[in-house]
Amino acid sequence: SQQGEEDPQALSIQEGENATMNCSYKTSINNLQWYRQNSGRGLVHLILIRSNEREKHSGRLRVTLDTSKKSSSLLITASRAADTASYFCAFLMNRDDKIIFGKGTRLHILP
Amino acid sequence: GAGVSQTPSNKVTEKGKYVELRCDPISGHTALYWYRQSLGQGPEFLIYFQGTGAADDSGLPNDRFFAVRPEGSVSTLKIQRTERGDSAVYLCASSSTYNSPLHFGNGTRLTVT
């Protein structure tokens, strides 16, 4: 499968704690993106990291990329109840310019 | 400005019927993607347009599925002889360039009875 692999598949943490999700892929990429999805409908773009970047921040989000290990991680700091959602990594393949999604991590923030 | 619009939001059809799903991308976006998502799964790539042409249709499951984008804007995903296994949420996304973030519509939930 060309899909990325994400772990964990599901994660439950207390409000205020940090949440870390990981993504691995198999091919050479141009960039890697993280998306959030509520209620199984449209996805919302969170952050994009290019293949020549190693770390990127946006508000409470921190993304790292290790192209030698073909892996990325998304860290959400100081989690809030509103962060409860599914999170997907997606990567733009160099070979044929299409964007492939991972299977997602379902994050649940406990009040 | 307006986001990506998908119509209808829900479609119920009988097995064997033909359906068309429409996507209006953000104005000026050259790249357009179709994905299919089943419950609890990630979006599954179907087809990618760059302008009017299908740059990659390798994700279309079989020849019952076809998509067009005749003027490089609106796209229609067409499914012939629908089967119950086609039931899913069909997502459309557009981006300004091939390596920019995707903007998604809210999807069409297709149910084949």
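Scanning the range B:92-113 for residues being within 12 Å of chain A (Cβ to nearest Cβ), hydrophobic (A, V, I, L, M, F, W, C) and over 21 Å from A:SER51 (Cα atoms) gives a total of 3. As an exercise: evaluate A:LYS103 against (1) over 13 Å from the mean Cα position of the chain (by Cα); (2) within 14 Å of chain B (Cβ to nearest Cβ); (3) not aromatic (Phe, Trp, Tyr) and give the number of the one condition it does not meet. Going through (1) over 13 Å from the mean Cα position of the chain (by Cα); (2) within 14 Å of chain B (Cβ to nearest Cβ); (3) not aromatic (Phe, Trp, Tyr) one by one, A:LYS103 breaks only (1).
Among residues that are away from chain A (no Cβ under 13 Å) and under 12 Å from the mean Cα position of the chain (by Cα), B:ARG36 is not included.
I'd like the full set of residues that are of a type outside the set (A, V, I, L, M) and in a helix (DSSP H, G or I), limited to the range A:74-111. Steps first, please.
Filtering the range A:74-111 down to residues of a type outside the set (A, V, I, L, M) leaves A:77, A:79-80, A:83-84, A:86-89, A:91, A:94-98, A:101-106, A:108, A:111.
If the condition is that a residue be of a type outside the set (A, V, I, L, M) and in a helix (DSSP H, G or I), then A:ASP83 is the only one that fits.
Just wondering, is there one or more residues in the range B:37-46 that are within 18 Å of B:THR97 (Cα to Cα), not acidic (Asp, Glu) and not in a strand (DSSP E or B)? No: the range B:37-46 contains no residue that is within 18 Å of B:THR97 (Cα to Cα), not acidic (Asp, Glu) and not in a strand (DSSP E or B).
Scoring B:THR52 on the criteria (1) within 14 Å of chain A (Cβ to nearest Cβ); (2) at negative phi; (3) of a type outside the set (Phe, Trp, Tyr) leaves a single failure, condition (1). The residue pairs whose first member lies in the range B:78-91 and is under 15 Å from B:GLY59 (Cα atoms) and away from every other protein chain (no Cβ under 14 Å), whose second member is small (Gly, Ala, Ser) and in a strand (DSSP E or B), and whose beta carbons are closer than 7 Å, counting only pairs six or more residues apart or on different chains, are B:LYS78/B:ALA67. Just one of the listed residues (B:LEU77, B:LEU60) is crowded, with 17+ Cβ neighbours inside 10 Å and either basic (Lys, Arg) or assigned to a strand (DSSP E or B) (or both), and it is B:LEU77.
Just so you know, all these numbers are worked out from the coordinates, no wet-lab data involved. Computed from a predicted structure; not experimentally measured. Reconstructed Cβ throughout: ideal geometry from the backbone, glycine too, with neighbour counts over all protein chains shown.
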